[in-house]
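Please treat every number below as a calculation from the coordinates, not as lab data. This one's a predicted model, so the numbers in the text were calculated from it and none came from an experiment. FYI the Cβ positions are ideal-geometry reconstructions off the backbone, even for glycines, and counts take in every protein chain you see.
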Amino acid sequence: MPTRWYPIEEADDSLFATASLHHARSVEVPHSVEETWAALTGDEVSSWTKGMKRLTWTSPRPFGVGTTREIELGGGFLLRERFYRWEEGHRKTFCAVETTRPIFRRLVEDYVVEPTETGSRFSWRWAADLNPPYSFFKGTLDRLAFAPTGRSHIDGLATHLATTRR
């Protein structure tokens, strides 16, 4: 049986100010901007993010504005994303465009990597609006799924870099 895809409305940075759900987090890592950026644009992101089973880049390298990828989360839940900002080595931002479950009305995610005196800082923002009936359970969904996945993604980066650094 073919996979059914549900469209997600286009979104941009304005969603960070208006979304019903949002998260922001940053972590300082003792690794260079180049190492941190490479980890965030590599193929291993799913190895350190709880709840994420697979990440597949569906655009060829080099990546830039318009790059696409597909994420598989637990339970066979798939999400397709398109990057509308790509500042190589510094910042990338995407909006979700399709999903296999009609949960999200709009979704954006932003990654920024900046140099520090001891390595780099990775800052992350996530914002979403949900479709009914999921919107009625946004607090529970956020507490049980969205927030823990985001925390594991950010906090797991330092551990991943420490174990893969050459």
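Counting Lys and Arg as +1 and Asp and Glu as -1, each charge on the Cβ, what is the dipole of the range 32-166 about the Cα centre in debye, to the nearest 20? Can you show the working numbers first?
Numbers: 20 positive and 17 negative charges, 80 e Å.
The dipole of the range 32-166 has a size of about 380 debye.
Given the -39500 (n - 2.57) contribution per DSSP H run of 4+ residues, what per-residue ellipticity at 222 nm results for the chain, rounded to the nearest 500 deg cm²/dmol?
Working: 5 runs with 38 residues, N = 166.
Value at 222 nm, helices only, nearest 500: -6000 deg cm²/dmol.
In percent, rounded to a whole number, the relative contact order of the chain is 31, using alpha-carbon pairs under 8 Å and six or more apart. Using the Cα gyration tensor of the range 16-110, with a ≥ b ≥ c the square roots of its eigenvalues, what is the shape: rounded (a/c below 1.5), prolate (a/b larger than b/c) or oblate (neither)? In terms of gyration-tensor shape, rounded.
Counting only aspartates and glutamates at least 8 places from residue 50 when in the same chain, those with an alpha carbon closer than 12 Å to its own are 72, 155. Sorted largest first, the spans of the alpha carbon positions of the chain along the three principal axes are 46, 32, 29 Å.
Since only 27, 104, 118 are under comparison, the one whose Cα sits farthest along the positive direction of the charge dipole of the chain, derived from C-beta charges on Lys, Arg, Asp and Glu, is 104. Helix 147-164: angle to the longest alpha-carbon principal axis of the chain, degrees 0 to 90, nearest 10? Approximately 30 degrees, to the nearest ten.
The charge dipole of the range 94-133, taken about its Cα centre with unit charges on the Cβ of Lys, Arg, Asp and Glu (plus for the first two, minus for the last two), comes to roughly 220 debye.
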